[in-house]
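See structure below.
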């Protein structure tokens, strides 16, 4: 696997997700995860795409992404130079006798229990992909009933935004970039 | 008729097309686009009723090819739009500005599998530069303005505007935008001067330069700048299939066409060059052959308006993103300045005389005897009969290669063909479009019998719309290029390539469509038939040239092979040069 995280700033228009996804699909590249959401500016969305692809074809895809009329910026985020997070909801088997053990694992990963039934717990966890993988590995023996993950979102470290400018002031206060 | 303050979407659409400079629309109406056809009656825009939407698309391409302006085509929803797909893909590959407008089922039933519904923006997403689904009547003018802007600027290409029927019927205030604001679309046109100067250094340092001119030179109207650059630096020029006419074939620095069926000198000059100045060219596989062995000694200056082309196939030593006319003019200017300071252009005598020697020894060759007509002979005689001044349109295959090899082009936009996509059936409708765009020109389609049969119904359009063209069919009774590959690479096992020369009877077919049908069966008849055809100006003429089915296109670099292994063909008596020997004899 050669996973790369690409951050794509797009106009918030119908069809833009299909256009972006199409550039990967036509080459047979599998999108590992994809998260889309609003940004600090109305009318603009950010897509964070994690894709399993080699360097050379990836460069061509990035150039093709740039050519899309609704795409404003494309940036590959190097793991060392970016903050990456993902949210997972895990419904795990936890009958009365095992509930404490499952809760303990959740605690270790600073995850929260957000739902409980007679036989299951639903745990909400946030973190780097590695951290979530580690937690899921520990929960697995108890029996994972269902799992939903948001896919990775990421921002470059430091003060600069994707547009190459300092972050804009939001609500009068300069937003501070923290690691 | 005064323009209403709250026009219908259909009126707004036609008005927008007028304001965008449209003079002709090629199309076929149908249910969903019906509202747009009513205001068309009151518009100065001429509608040319085609017989198939693919024909409408290719006609729009031919118009754009010939004029440099966007070609416009109309189709209805569903099958209408789907039939445009091939033409849009063709236009995308060859960077041709086309604006397609399609009707769509009413917004309320989109996605309901309504009658004649197809998700045409979805279908055409990967064969257009961009497309729009307009969901509000008031958005029509902006969508049309954006569509023309995107189609004609940067690297040109096809766009599609899909308008649901209720949006065409609804009314809204009309506002034609002052400009277009697309924050994600800002093509770079001015070349970086620092890079231009780096390129000039490479040109001055090179001993064996070759300018590799591609279709971008035509799209950017950069032929004059190219000539200035070549003459300033004494740089020999190859013109790719898409660039034929960008540099005059009779110029002393012209090497003609490179590539799979290019001439030996053009192909070998690139192989032995120490510098390629690529302008608006994309290192297509049909030019490079096996990339690993292509132009192994050459440094590369790559000028292209599309940054995605640079480094895609061949790494560039000096990449310059920008408009070919702008950058080529800068290159010529900076080269002039540098050579002025150095007291003239570098000594190119050895290189140019080597190329001259190759040109003498390895011209395109064929022999016309008393036997069947050779296709090459037909093209040469068409060149003579038209004084080399016709606009030549071709389909795809052997006839296309012979037309490109044997017609001597002297100006840009004189040669119109389907290069990248290789779309059979392109010639007849594209010729009609070209004739609409340039009624002052004699338009001759050189077509194959296989290609012709894919779109021959547009002869009806030619007659009823009074758009006279000449169609010269190189009739060899086969899908000739496929036959050639089967002869050379499949042990002469001919599979699915025989069409027969007699079906249809092209003369009677032409007559059935109201055109004039002529036939030449021996080489002695060729000139007389051409003279007769060219004497007709009030209707189209179809000529059935019964040609030798066994004739093959040479030279040839087999697909995926190295350009060093070019096959010269049986007519050539000279042995090819040894790639290992010194590049300049």
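Side notes on the structure shown:
- In the stretch B:125-142, the residue that is nearest to the other protein chains (Cβ to nearest Cβ) out of those that are buried (at least 21 other Cβ atoms within 10 Å of the Cβ) and closer than 15 Å to residue A:14 by Cβ is B:130.
Residue-by-condition table, conditions (1) in contact with a strand residue (DSSP E or B) (Cβ under 7 Å, 6 or more places away or on another chain); (2) without any contact (Cβ under 8 Å) to a residue 12 or more places away in the chain; (3) assigned to a helix (DSSP H, G or I):
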{"position": "B:151", "(1), (2), (3)": "yes, no, yes"}
{"position": "B:161", "(1), (2), (3)": "yes, no, no"}
{"position": "B:178", "(1), (2), (3)": "no, yes, no"}
{"position": "B:185", "(1), (2), (3)": "no, no, no"}
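- Residue in the stretch A:16-40 that is nearest to residue B:120 (Cα to Cα), counting only those that are within 13 Å of chain B (Cβ to nearest Cβ) and in contact (Cβ under 8 Å) with a residue 40 or more places away in the chain: A:19
- If you check B:324, B:329, B:403 for being surrounded by fewer than 23 Cβ atoms within 10 Å (Cβ to Cβ), within 23 Å of residue B:95 (Cα to Cα) and at pLDDT 95 or above, only one passes: B:329.
- Residues that are touching a strand residue (DSSP E or B) at 6+ places or on another chain (Cβ under 8 Å) and within 11 Å of chain A (Cβ to nearest Cβ), drawn from the stretch B:104-123: B:121
- Flag if residue B:199 is in contact with a strand residue (DSSP E or B) (Cβ under 7 Å, 6 or more places away or on another chain), away from chain A (no Cβ under 14 Å), surrounded by 16 or more Cβ atoms within 10 Å (Cβ to Cβ) and under 25 Å from residue B:56 (Cβ atoms): no
- Residue list for the stretch B:109-149, filter: in a loop (DSSP other than H, G, I, E, B) and without any contact (Cβ under 8 Å) to a residue 12 or more places away in the chain: B:111, B:112, B:113, B:114, B:119
- Restricting attention to the stretch B:1-27, the residues being assigned to a loop (DSSP other than H, G, I, E, B), surrounded by 20 or more Cβ atoms within 10 Å (Cβ to Cβ) and either at pLDDT below 95 or under 30 Å from the mean Cα position of the chain (by Cα) (or both) number 2.
- All positions within the stretch A:57-67 that are surrounded by 19 or more Cβ atoms within 10 Å (Cβ to Cβ) and either closer than 13 Å to residue B:155 by Cβ or facing another protein chain (nearest Cβ under 7 Å) (or both): A:64, A:67
- With respect to the conditions (1) part of a loop (DSSP other than H, G, I, E, B); (2) in contact with a helix residue (DSSP H, G or I) (Cβ under 9 Å, 6 or more places away or on another chain); (3) within 14 Å of another protein chain (Cβ to nearest Cβ), residue B:316 falls short on a single one, namely (2).
- Filtered residue count, the stretch B:290-310, keeping only those that are touching a helix residue (DSSP H, G or I) at 6+ places or on another chain (Cβ under 8 Å) and either in a helix (DSSP H, G or I) or within 14 Å of chain A (Cβ to nearest Cβ) (or both): 8
- Any chance residue B:383 is without any contact (Cβ under 8 Å) to a residue 60 or more places away in the chain and assigned to a helix (DSSP H, G or I): yes
The values are calculated or read from the model by the stated rules, or taken from the named source; none is laboratory data. What you are looking at is a predicted structure, and each value in this text was computed from that prediction instead of being measured. Positions of Cβ are backbone-derived with ideal geometry, glycine not excepted, and every protein chain shown enters the neighbour counts.
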